[in-house]
1. Before rounding to the nearest 500, sum -39500 (n - 2.57) across all DSSP H runs of length at least 4 in the chain and divide by the residue total; then give [θ] at 222 nm in deg cm²/dmol.
2. Could you work out the relative contact order of the chain, using alpha carbon pairs under 8 angstrom and six or more residues apart, expressed as a whole percent?
3. Between residue 204 and residue 159, how many nm apart are label points set 7 Å from Cα along the C-beta direction?
4. List the residues, sorted by chain then number, that are 5 or more residues from residue 105 or on another chain and whose placed amide H is less than 5 Å from its amide H.
5. Express in nm, to one decimal, how much length is gained between residue 122 and residue 300 on full extension, taking 0.36 nm for each residue of separation and deducting their alpha carbon distance.
6. Spelling out what I want: for every residue of region 260-272, take phi, set θ = phi - 60°, compute 6.51 cos²θ - 1.76 cosθ + 1.60 (Karplus), and round to whole Hz; glycine and proline get x.
7. Rounded to the nearest whole Å², what accessible area per residue is found for the chain with the 1.4 Å probe?
8. Tilt of helix 68-79 relative to the longest C-alpha principal axis of the chain, in degrees (0 to 90, nearest 10)?
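The values are calculated or read from the model by the stated rules, or taken from the named source; none is laboratory data. None of these values were measured; they are calculated from a predicted model. No Cβ is skipped: glycine too gets one built from the backbone with ideal geometry, and neighbour counts run over all protein chains shown. Ligands, DNA and RNA are excluded from the accessible area calculation, which covers all protein heavy atoms including side chains. Shrake-Rupley method; radii C 1.70, N 1.55, O 1.52, S 1.80 Å.
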Amino acid sequence: MAARHIDPVFLNSRIATSDALDAVAGCRVLAKVELENPIGSFKGRGTEWLCATILSPGETVVCASAGNFGQGLARAASRRGHASVVFASEQTNPLKIEAMRRFGADVRLRAGDFDAAKEAARLHAKAHALRFIEDGAEPTIAEGAGTIAVELLDAARFDAMIVPLGNGALLAGIGAVLRELAPTVEITAVVAQDAPAMKRSLEAGYAIETDHADTIADGIAVRVPIASTVAGLRTCCDAVIEVSEQRIFEAMQVIYRHLHLIVEPAGAVAVAAILANAGRFAGRRVATLLSGGNISPTLLRRLLDAPDPVDTFSPTTPRQAG
(Lines give C-alpha, C1' and ligand atoms only; values in the text may rest on other atoms or scores of the structure.)
Protein backbone atom coordinates (compact mmCIF):
# COMPACT_ATOMS: atom_id res chain seq x y z
CA MET A 1 0.00 0.00 0.00
CA ALA A 2 2.78 2.45 0.89
CA ALA A 3 4.31 2.31 -2.58
CA ARG A 4 1.17 3.80 -4.13
CA HIS A 5 1.69 7.00 -2.15
CA ILE A 6 5.46 7.36 -2.66
CA ASP A 7 6.87 9.49 -5.47
CA PRO A 8 8.03 6.99 -8.12
CA VAL A 9 11.47 8.65 -8.23
CA PHE A 10 12.26 6.77 -4.99
CA LEU A 11 10.92 3.38 -6.05
CA ASN A 12 12.37 0.41 -7.97
CA SER A 13 15.97 1.45 -7.42
CA ARG A 14 18.43 -0.75 -9.27
CA ILE A 15 20.46 -3.59 -7.79
CA ALA A 16 24.15 -3.35 -8.60
CA THR A 17 26.52 -6.31 -8.65
CA SER A 18 30.15 -6.86 -9.61
CA ASP A 19 32.20 -10.03 -9.93
CA ALA A 20 35.25 -8.17 -8.65
CA LEU A 21 33.33 -6.96 -5.61
CA ASP A 22 32.18 -10.51 -4.95
CA ALA A 23 35.80 -11.68 -5.12
CA VAL A 24 36.82 -9.12 -2.50
CA ALA A 25 33.81 -9.82 -0.31
CA GLY A 26 33.91 -13.60 -0.57
CA CYS A 27 30.18 -13.72 -1.25
CA ARG A 28 27.60 -12.63 -3.81
CA VAL A 29 26.70 -9.01 -3.00
CA LEU A 30 23.38 -7.56 -4.20
CA ALA A 31 23.51 -3.82 -3.53
CA LYS A 32 20.27 -1.84 -3.76
CA VAL A 33 21.32 1.60 -4.98
CA GLU A 34 19.37 4.22 -2.99
CA LEU A 35 21.46 7.16 -4.21
CA GLU A 36 19.98 8.00 -7.58
CA ASN A 37 16.98 10.07 -6.52
CA PRO A 38 16.42 13.77 -5.78
CA ILE A 39 17.62 13.58 -2.16
CA GLY A 40 20.41 11.03 -2.64
CA SER A 41 19.15 8.56 -0.04
CA PHE A 42 16.39 6.08 0.85
CA LYS A 43 14.75 8.51 3.28
CA GLY A 44 12.27 9.78 0.71
CA ARG A 45 10.36 6.51 0.84
CA GLY A 46 9.33 6.94 4.47
CA THR A 47 8.82 10.70 4.42
CA GLU A 48 6.61 10.49 1.34
CA TRP A 49 4.39 7.88 2.97
CA LEU A 50 4.23 9.85 6.22
CA CYS A 51 3.31 13.16 4.58
CA ALA A 52 0.71 11.47 2.40
CA THR A 53 -1.11 9.83 5.30
CA ILE A 54 -0.85 11.43 8.73
CA LEU A 55 -0.58 15.20 8.24
CA SER A 56 -3.52 17.58 8.31
CA PRO A 57 -3.80 20.15 5.48
CA GLY A 58 -1.28 22.94 5.92
CA GLU A 59 0.25 21.42 9.04
CA THR A 60 3.83 22.43 9.94
CA VAL A 61 6.23 19.65 10.87
CA VAL A 62 9.35 19.78 13.03
CA CYS A 63 12.18 17.26 13.10
CA ALA A 64 15.86 16.79 13.77
CA SER A 65 18.16 15.42 11.14
CA ALA A 66 21.76 14.63 10.30
CA GLY A 67 20.80 15.69 6.79
CA ASN A 68 19.15 12.96 4.76
CA PHE A 69 15.92 12.61 6.72
CA GLY A 70 15.55 16.39 6.76
CA GLN A 71 15.87 16.49 2.99
CA GLY A 72 13.25 13.80 2.60
CA LEU A 73 10.81 15.44 4.99
CA ALA A 74 11.32 18.92 3.54
CA ARG A 75 10.72 17.71 -0.01
CA ALA A 76 7.71 15.56 0.81
CA ALA A 77 6.16 18.26 2.99
CA SER A 78 6.62 21.11 0.54
CA ARG A 79 5.15 19.05 -2.30
CA ARG A 80 1.96 18.73 -0.24
CA GLY A 81 1.74 22.31 1.05
CA HIS A 82 3.34 21.82 4.47
CA ALA A 83 6.06 23.91 6.07
CA SER A 84 8.98 22.13 7.72
CA VAL A 85 11.42 23.14 10.44
CA VAL A 86 14.56 21.02 10.72
CA PHE A 87 16.99 21.21 13.63
CA ALA A 88 20.52 20.05 12.90
CA SER A 89 23.89 20.05 14.57
CA GLU A 90 26.36 22.76 13.62
CA GLN A 91 28.65 19.86 12.72
CA THR A 92 26.30 18.65 9.95
CA ASN A 93 27.69 18.18 6.45
CA PRO A 94 27.25 21.64 4.85
CA LEU A 95 26.02 20.12 1.60
CA LYS A 96 23.19 18.41 3.49
CA ILE A 97 22.28 21.68 5.20
CA GLU A 98 22.19 23.44 1.84
CA ALA A 99 20.05 20.67 0.35
CA MET A 100 17.52 20.76 3.21
CA ARG A 101 17.08 24.48 2.67
CA ARG A 102 16.82 24.01 -1.08
CA PHE A 103 13.94 21.59 -0.55
CA GLY A 104 12.12 24.18 1.55
CA ALA A 105 13.12 23.51 5.15
CA ASP A 106 13.65 26.20 7.74
CA VAL A 107 16.94 24.83 9.08
CA ARG A 108 17.93 25.74 12.65
CA LEU A 109 21.50 24.87 13.65
CA ARG A 110 22.40 24.03 17.24
CA ALA A 111 25.63 23.37 19.12
CA GLY A 112 26.36 19.78 20.02
CA ASP A 113 25.53 16.57 18.20
CA PHE A 114 22.43 15.17 16.49
CA ASP A 115 20.76 14.14 19.73
CA ALA A 116 21.19 17.66 21.13
CA ALA A 117 19.52 19.00 17.97
CA LYS A 118 16.70 16.48 18.45
CA GLU A 119 16.00 17.74 21.95
CA ALA A 120 15.92 21.32 20.66
CA ALA A 121 13.48 20.26 17.94
CA ARG A 122 11.24 18.54 20.47
CA LEU A 123 11.16 21.62 22.70
CA HIS A 124 10.45 23.93 19.74
CA ALA A 125 7.54 21.79 18.59
CA LYS A 126 6.07 21.69 22.08
CA ALA A 127 6.45 25.44 22.59
CA HIS A 128 4.72 26.27 19.31
CA ALA A 129 2.15 23.43 19.31
CA LEU A 130 3.60 21.90 16.13
CA ARG A 131 3.86 18.24 15.12
CA PHE A 132 7.22 16.73 16.04
CA ILE A 133 8.34 13.94 13.71
CA GLU A 134 10.94 11.58 15.14
CA ASP A 135 12.68 9.40 12.60
CA GLY A 136 12.70 5.90 14.04
CA ALA A 137 9.55 6.36 16.11
CA GLU A 138 6.93 6.89 13.37
CA PRO A 139 5.55 3.58 12.01
CA THR A 140 4.78 5.13 8.62
CA ILE A 141 8.44 5.99 8.10
CA ALA A 142 9.41 2.38 8.75
CA GLU A 143 6.66 1.16 6.41
CA GLY A 144 8.02 3.36 3.66
CA ALA A 145 11.51 1.97 4.18
CA GLY A 146 10.05 -1.53 4.02
CA THR A 147 9.33 -1.08 0.32
CA ILE A 148 13.05 -1.67 -0.23
CA ALA A 149 12.68 -5.24 1.02
CA VAL A 150 9.59 -5.82 -1.10
CA GLU A 151 11.50 -4.75 -4.21
CA LEU A 152 14.49 -6.91 -3.32
CA LEU A 153 12.33 -9.98 -2.90
CA ASP A 154 10.65 -9.32 -6.23
CA ALA A 155 13.97 -8.93 -8.04
CA ALA A 156 16.45 -11.42 -6.61
CA ARG A 157 17.08 -14.44 -4.44
CA PHE A 158 19.22 -14.00 -1.32
CA ASP A 159 19.73 -15.76 2.00
CA ALA A 160 21.13 -12.92 4.11
CA MET A 161 20.39 -9.21 4.48
CA ILE A 162 22.60 -6.55 6.05
CA VAL A 163 20.95 -3.34 7.23
CA PRO A 164 22.60 -0.12 8.48
CA LEU A 165 21.25 0.70 11.93
CA GLY A 166 20.67 4.30 12.97
CA ASN A 167 17.50 5.29 14.80
CA GLY A 168 15.91 2.11 13.53
CA ALA A 169 13.27 2.97 10.90
CA LEU A 170 15.18 1.17 8.16
CA LEU A 171 15.68 -1.99 10.21
CA ALA A 172 12.08 -1.93 11.44
CA GLY A 173 10.70 -1.65 7.91
CA ILE A 174 12.97 -4.14 6.21
CA GLY A 175 12.88 -6.53 9.14
CA ALA A 176 9.09 -6.60 9.30
CA VAL A 177 8.80 -7.38 5.58
CA LEU A 178 11.44 -10.10 5.60
CA ARG A 179 10.10 -11.77 8.75
CA GLU A 180 6.69 -11.94 7.10
CA LEU A 181 7.60 -12.80 3.49
CA ALA A 182 11.03 -14.46 3.76
CA PRO A 183 11.46 -15.72 7.32
CA THR A 184 14.52 -17.85 6.49
CA VAL A 185 16.58 -14.81 5.47
CA GLU A 186 19.16 -13.98 8.12
CA ILE A 187 19.11 -10.27 9.03
CA THR A 188 22.20 -8.55 10.39
CA ALA A 189 22.14 -4.94 11.59
CA VAL A 190 25.32 -2.83 11.50
CA VAL A 191 26.47 0.10 13.61
CA ALA A 192 29.68 2.10 13.68
CA GLN A 193 32.09 0.95 16.35
CA ASP A 194 32.46 4.54 17.54
CA ALA A 195 28.68 4.96 17.88
CA PRO A 196 27.69 1.75 19.68
CA ALA A 197 24.54 2.86 21.53
CA MET A 198 22.09 0.96 19.32
CA LYS A 199 24.10 -2.27 19.46
CA ARG A 200 24.35 -2.11 23.23
CA SER A 201 20.66 -1.29 23.52
CA LEU A 202 19.42 -4.11 21.32
CA GLU A 203 21.65 -6.62 23.07
CA ALA A 204 20.54 -5.44 26.51
CA GLY A 205 16.87 -5.11 25.64
CA TYR A 206 16.58 -1.51 26.81
CA ALA A 207 17.92 1.88 25.70
CA ILE A 208 21.53 2.58 26.65
CA GLU A 209 22.89 6.06 26.00
CA THR A 210 26.55 6.77 25.33
CA ASP A 211 28.57 9.89 26.03
CA HIS A 212 29.66 10.26 22.43
CA ALA A 213 28.88 9.10 18.90
CA ASP A 214 32.00 10.18 17.08
CA THR A 215 31.93 8.46 13.70
CA ILE A 216 32.33 9.52 10.09
CA ALA A 217 29.05 7.67 9.49
CA ASP A 218 26.92 10.63 10.55
CA GLY A 219 23.72 9.03 9.28
CA ILE A 220 23.91 6.34 11.98
CA ALA A 221 25.64 8.36 14.72
CA VAL A 222 23.09 7.66 17.45
CA ARG A 223 23.98 8.54 21.03
CA VAL A 224 20.49 8.40 22.55
CA PRO A 225 18.33 5.49 21.30
CA ILE A 226 14.55 5.78 21.16
CA ALA A 227 13.57 3.74 24.21
CA SER A 228 10.13 2.73 22.94
CA THR A 229 11.50 1.04 19.82
CA VAL A 230 14.36 -1.06 21.19
CA ALA A 231 12.40 -4.24 21.97
CA GLY A 232 10.71 -4.27 18.58
CA LEU A 233 13.95 -3.70 16.73
CA ARG A 234 15.60 -6.69 18.38
CA THR A 235 13.00 -8.97 16.84
CA CYS A 236 13.82 -7.55 13.40
CA CYS A 237 17.36 -8.90 13.26
CA ASP A 238 19.35 -11.98 14.18
CA ALA A 239 22.51 -10.11 15.18
CA VAL A 240 24.03 -6.66 15.48
CA ILE A 241 27.68 -6.14 14.56
CA GLU A 242 29.93 -3.10 14.60
CA VAL A 243 32.50 -1.87 12.12
CA SER A 244 35.53 0.35 12.63
CA GLU A 245 36.14 3.72 11.04
CA GLN A 246 38.90 2.18 8.96
CA ARG A 247 36.61 -0.53 7.64
CA ILE A 248 33.91 2.01 6.78
CA PHE A 249 36.33 4.05 4.70
CA GLU A 250 37.75 0.93 3.05
CA ALA A 251 34.20 -0.08 2.11
CA MET A 252 33.64 3.32 0.51
CA GLN A 253 36.79 2.74 -1.53
CA VAL A 254 35.75 -0.77 -2.56
CA ILE A 255 32.30 0.45 -3.63
CA TYR A 256 33.83 3.29 -5.63
CA ARG A 257 36.36 0.96 -7.24
CA HIS A 258 34.03 -1.87 -8.19
CA LEU A 259 30.57 -0.29 -8.49
CA HIS A 260 31.72 3.18 -9.58
CA LEU A 261 29.51 4.79 -6.95
CA ILE A 262 30.31 7.45 -4.37
CA VAL A 263 28.63 6.46 -1.12
CA GLU A 264 28.57 8.33 2.16
CA PRO A 265 29.95 6.47 5.20
CA ALA A 266 26.58 5.38 6.63
CA GLY A 267 25.69 4.02 3.21
CA ALA A 268 28.82 1.87 3.13
CA VAL A 269 28.62 0.18 6.54
CA ALA A 270 26.92 -2.95 5.22
CA VAL A 271 29.78 -3.60 2.81
CA ALA A 272 32.17 -2.77 5.65
CA ALA A 273 30.48 -5.49 7.70
CA ILE A 274 31.13 -8.01 4.95
CA LEU A 275 34.79 -7.01 4.64
CA ALA A 276 35.25 -7.24 8.42
CA ASN A 277 33.43 -10.58 8.78
CA ALA A 278 34.44 -12.55 5.69
CA GLY A 279 33.81 -15.96 7.21
CA ARG A 280 30.33 -15.05 8.38
CA PHE A 281 29.03 -14.39 4.86
CA ALA A 282 31.35 -16.60 2.80
CA GLY A 283 29.75 -18.13 -0.28
CA ARG A 284 26.30 -16.70 0.44
CA ARG A 285 24.00 -14.39 -1.51
CA VAL A 286 23.92 -11.24 0.60
CA ALA A 287 21.53 -8.37 -0.06
CA THR A 288 22.07 -4.91 1.26
CA LEU A 289 21.55 -1.30 0.33
CA LEU A 290 23.78 1.66 -0.37
CA SER A 291 21.59 3.94 1.69
CA GLY A 292 22.97 7.38 0.91
CA GLY A 293 25.41 9.26 -1.27
CA ASN A 294 25.56 12.72 0.30
CA ILE A 295 29.24 12.81 1.13
CA SER A 296 30.97 15.88 2.57
CA PRO A 297 33.47 17.73 0.35
CA THR A 298 36.34 16.93 2.73
CA LEU A 299 35.60 13.21 2.78
CA LEU A 300 35.06 13.15 -0.98
CA ARG A 301 38.55 14.54 -1.55
CA ARG A 302 39.96 11.95 0.83
CA LEU A 303 38.11 9.17 -1.01
CA LEU A 304 39.25 10.23 -4.47
CA ASP A 305 42.87 10.78 -3.43
CA ALA A 306 43.41 7.66 -1.32
CA PRO A 307 44.97 4.47 -2.69
CA ASP A 308 42.92 1.31 -2.23
CA PRO A 309 44.34 -0.62 0.76
CA VAL A 310 42.03 -3.61 0.43
CA ASP A 311 42.63 -5.34 -2.88
CA THR A 312 44.39 -5.16 -6.24
CA PHE A 313 41.44 -6.00 -8.47
CA SER A 314 40.85 -3.78 -11.48
CA PRO A 315 37.61 -1.85 -11.79
CA THR A 316 34.85 -3.70 -13.58
CA THR A 317 31.64 -2.52 -15.15
CA PRO A 318 28.75 -2.82 -12.69
CA ARG A 319 25.89 -5.06 -13.74
CA GLN A 320 22.23 -5.26 -12.96
CA ALA A 321 21.17 -8.26 -10.89
CA GLY A 322 18.96 -10.71 -12.64
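1. So the helix-based figure for the chain works out to -12500 deg cm²/dmol.
2. 22
3. Reported label-point gap for residue 204 and residue 159 is 3.6 nm.
4. Those lying under 5 Å, H to H, from residue 105: there are none.
5. 60.8 nm
6. The phi angles translate into 6, 10, 9, 10, 6, x, 4, x, 9, 5, 5, 5, 4 Hz.
7. Ligands and nucleic acids excluded, the figure is 39 Å² per residue.
8. Roughly 50 degrees between the two axes.
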